[in-house]
């Protein structure tokens, strides 16, 4: 090879190798997540990370223990509580009844629950229950409303309980039957309504206190009223199936799905942004960022679970993190979830 041609060949090879290495370095999210989850500060990670894109698994690893007392390691298909991620299942089921003409989102719930003893039933609508603008307190149905319905945002588990009552009344079916059928339709074969038998499948939750000691929770204190907004049993891979089912048109008609993912109210959450983002029906809608994002979190330290379910519609990517740990220190409760989200958003996976 002539000297000049050899120099050109070497320069081209070096340039291509450099570009390839640079791309690998930029897209090496797996290694970055691996390194992150091995860190011990500000806390330990104990859970499952599952990332799927357009039906292909991109990352799936379990770290830590299923039971701290017995040193049992976690597995990818272990079953966790959804915590508040349950809300989007309830919202979707209600919207299916809207499609059938059995529920009107804008009607006061008195229409559906005539015997409800509270006067606010005359003004609060199903729409306001689903987007947390009802004014109901989170866990006390007996308190007066915080504000005029529709005028502000206040996160309310109790609002989803009332919405669930409307769902059961208008569908003529139990929530257990409805959500079990929904799981089946979305091929979520490892997800369950938390009845007495199914609850035995749930991974033990652990409450971690400020001094890093922990309590293993033998069973959740939730009752049936919490299933509408705070507790279903799922695996991380099944949540990815749910994302594909919901966001790719297999649960709702396009116009109804648009209702679920639109918003008239905004709110802040530490995982997503310092700035307010939209709240639809059981979903946070982050459509002002450079990469459109739909998702929700779940957290209950006394029950011992933390969960995050994120979906990026442009690339059909799911990022799911489920921990059987609930950290009492809220400042670090979502530390790993925030960092994993950052790593993924900085990679080329979502481009």
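Here, each number is a calculation from the coordinates, and none is a lab measurement. No experiment lies behind these values; they were computed from the predicted model shown. As a convention, Cβ positions derive from the backbone with ideal geometry for all residues, glycine included, and neighbour counts pool all protein chains shown.
If r is the Cβ-Cβ distance from residue 210 to residue 61 and R0 is 25 Å, what FRET efficiency results, to the nearest 0.05? If you can, show how the numbers build up before the last one.
Working: r = 28 Å, r/R0 = 1.12.
So the FRET efficiency works out to roughly 0.35.
For residue 143 and residue 273, calculate 0.36 nm times their separation in residues minus their Cα-Cα distance, and state this gained length in nm to one decimal. Mind showing how you got there, number by number?
Numbers: separation 130, 0.36 × 130 = 46.80 nm, distance 3.06 nm.
Residue separation times 0.36 nm, minus the Cα-Cα distance, leaves 43.7 nm.
Treating the angle as unsigned and between 0 and 90°, give the value, to the nearest 10°, between the Cα long axis of helix 3-26 and the longest Cα principal axis of the chain.
So the helix axis and the longest Cα principal axis differ by about 20 degrees.
Sum -39500 (n - 2.57) across every DSSP H segment of at least 4 residues in the chain, then divide by the residue count to get the 222 nm mean residue ellipticity, nearest 500.
Numbers: 10 runs with 113 residues, N = 351.
Computed ellipticity for the chain at 222 nm equals -10000 deg cm²/dmol.
Compute the distance in nm between two label points, each set 7 Å from the Cα along the Cα-to-Cβ direction, one at residue 185 and one at residue 258.
Taking the two extended label points, one gets 2.1 nm.
Using alpha carbons only, how many degrees (0 to 90, rounded to 10) separate the axis of helix 335-346 from the longest principal axis of the chain?
Computed tilt is about 60 degrees.
Roughly what angle does helix 236-247 make with the longest principal axis of the chain, taking Cα atoms, 0 to 90 degrees, to the nearest 10?
70
Sorted by packing (mean other beta-carbon atoms within 10 Å per residue), highest first, where do 91-104, 309-322, 192-205 land? Write out the running numbers ahead of the final one.
Details: 91-104: 19.1, 309-322: 22.6, 192-205: 17.3.
Highest-to-lowest ranking by the protection proxy: 309-322, 91-104, 192-205.
Which of the three applies to the range 154-232, rounded, prolate or oblate, going by the alpha-carbon gyration tensor with a ≥ b ≥ c and a/c under 1.5 meaning rounded?
Details: a/c = 2.61, a/b = 1.53, b/c = 1.71.
Oblate shape, in that a/c is at least 1.5 and b/c is the bigger or equal ratio.
Going highest first, how would you order 249-259, 125-135 by mean Cβ packing within 10 Å?
Values: 249-259: 14.0, 125-135: 25.1.
In descending order of packing, they fall as 125-135, 249-259.
For the range 220-348, what's the relative contact order in percent, using C-alpha pairs closer than 8 Å and at least 6 residues apart?
Details: 166 pairs, mean separation 21.3, N = 129.
About 17 percent, as a whole number.
Return a whole-number percent for the relative contact order of the chain, with Cα pairs under 8 Å and 6 or more residues apart as the contact set.
Relative contact order for the chain comes out at 22 percent.
Quick check: from the Cα gyration tensor, does the range 235-351 come out rounded (a/c under 1.5), prolate or oblate?
Note, shape of the range 235-351 comes out rounded.
Quick check on the exposure proxy: order 350, 232, 74 from fewest to most C-beta atoms within 10 angstrom. Provide the component values of the computation, followed by the final result.
Working: 350 17, 232 27, 74 21.
Fewest-to-most Cβ neighbours within 10 Å comes out as 350, 74, 232.
Students often get this wrong, so try it: which of [x] 50, 22, 17; [y] 52, 18, 16; [z] 39, 24, 19 is semi-axes √(5λ) of the Cα gyration tensor in Å as calculated from the structure shown?
Evaluating semi-axes √(5λ) of the Cα gyration tensor in Å on these atoms matches [z].
If you average the sequence gap of Cα pairs under 8 Å that are 6 or more apart and divide by the length of the range 123-254, what percent do you get for the contact order?
On the way: 150 pairs, mean separation 26.3, N = 132.
Here the relative contact order equals 20 percent.
Choose one answer from 302, 174, 81: the residue with the largest mean-square fluctuation in a GNM of the chain with alpha-carbon springs under 10 Å.
174
Label the range 233-288 by shape, choosing from rounded, prolate and oblate, from the square roots a ≥ b ≥ c of the eigenvalues of the Cα gyration tensor; if a/c is under 1.5 it is rounded, and otherwise prolate applies when a/b is larger than b/c, oblate when it is not. All intermediate terms of the calculation are to be shown ahead of the outcome.
Details: a/c = 2.79, a/b = 1.32, b/c = 2.11.
Here the range 233-288 falls in the oblate category.
Given the options 227, 235, 266, which has the most mean-square fluctuation in a GNM of the chain, springs set between C-alpha atoms less than 10 angstrom apart?
Between 227, 235, 266, it is 266 that shows the largest mean-square fluctuation.
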